[in-house]
1. Along its three principal axes, how long is the chain when you only count alpha carbons? Whole Å, largest extent first please.
2. Compute the distance from the alpha-carbon center of region 148-219 to that of region 41-82, in whole Å.
3. Quick one: which residues, 5+ away or cross-chain, put their amide H under 5 Å from the amide H of residue 231? H built at 1.01 Å from N.
4. How far apart, in nm, are two points set 7 Å out from the Cα along the Cα-to-Cβ line at residue 305 and at residue 110?
5. Could you tell me which of 145, 64, 75 has its Cα farthest along the dipole of region 52-196 towards the positive end, charges placed at Cβ (Lys, Arg +1; Asp, Glu -1), taken about the Cα centre?
6. Output ³J(HN,Hα) for region 188-203: one whole-Hz value per residue in order, computed from phi by the Karplus curve 6.51 cos²θ - 1.76 cosθ + 1.60 with θ = phi - 60°, and x for Gly and Pro.
7. Could you compute Rg(Cα) / (2.2 N^0.38 Å) for region 123-171, with N its residue count?
8. Run the numbers for residue 134 and residue 38: contour at 0.36 nm per residue of separation, minus the present Cα-Cα distance, in nm.
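Every number in this text was worked out from the coordinates using simple rules, so none of it is lab data. Everything quoted here is computed from the prediction, not taken from an experiment. Quick reminder, even Gly has a Cβ in these numbers, built from the backbone with ideal geometry, and neighbours come from all protein chains shown.
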Amino acid sequence: MPETLPTDPPFPWRSPQNHAERAPFLRVRGAVTRALRSWFEGQGFTEVETAALQVSPGNEAHLHALNTQLTGQDGSVSPLYLHTSPEFACKTLLAAGETKIFTLAKVWRDRERGPLHHPEFSMLEWYRAGEPYETLMQDCAEILALAAQIAGTRQFRFRDREADPFAPLERVTVAEAFQRHAEIDLAACQARDDLASVAQAAGVRVAADDRWSDIFSKVLVEKIEPNLGNGTPTILCEYPLREAALARPKPGSPGAAERFELYVCGIELANAFGELTDVAEQRRRFEDEMALKKEIYGEAYPIDEAFLEALGRMPPASGAALGFDRLVMLASGAQRIEQVIWTPVA
């Protein structure tokens, strides 16, 4: 769940003194940006630019978007949203014929602000048509090493944690991580009450109205994530299908999805999928998520029918989204996300 600090004061970036203190981090940002663009181009990728205004900002229950409207010359008004990810647009480009694309996009998310969260931030996304999602794991390893090399560091640091960006990535499944760090047999906890019982025994507070997914997220945040990416960057893979809204099932692993997350120094840095292309299944997942959002928050976002139509034509593909600002934080040694953003939101 997002680390939200609503009482944080605006970051005082405008003063010459504060800007001078941030300048070294911002220089690293520029250098890493240039190096990543060169790396992707060397890999045969095409850089794309996606529209920020979308019919739907995304259809995950706990993602909150900023909304606006478009007024036509005839005075008609169409509701639109600032996207929470360029994912829908990128997949539509794959359906149109692109095969290897990347984008460094500005994205917006409401209700999120803290040391690692900002209302407007930069998302690095890339997609490989016809390639397995394991290929993205190697991409992540090379991106970490490149960022460290450009920043001139041998260690990534955040608070009291360190990780070697040049080390081979540790790979652990979600089931293994739950057993190792919370002593929870996830396979035996498919029912809500079963998971609630073992989570409470592990010291996790469970509310009466928590759903299975809520409890799963609490265990992940409190017991699992702090232990990931310490010393060595970690790939957390094979998420339960119910926790992978846009990922396809993993062959040979019943109940698991082709989804992984990259953790460094306890920070979630990237989220990747073997992309789901089953239109009926994707529609069902979107509808379920929006029904849940309506129940919890009293609002729901529309489903982008043009995206679903394109999804039916999209080739098998894998895609990843990486928090670029967080990568720069780790490479430069910054401790707050505002230190690596040129003009933070007031």
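1. 59, 54, 43
2. Using only Cα atoms, the two centres lie 32 Å from each other.
3. HN-HN under 5 Å from residue 231: 162, 163, 164, 265.
4. 2.5 nm
5. Going by the charge dipole, the pick is 75.
6. Result, ordered by residue: 8, 10, 7, 8, 4, 5, 5, 5, 4, 5, 6, 5, 5, 5, 8, x Hz.
7. Numbers: Rg = 12.6 Å, N = 49, 2.2 N^0.38 = 9.7 Å.
That ratio works out to 1.31.
8. Difference between extended and current length: 32.3 nm.
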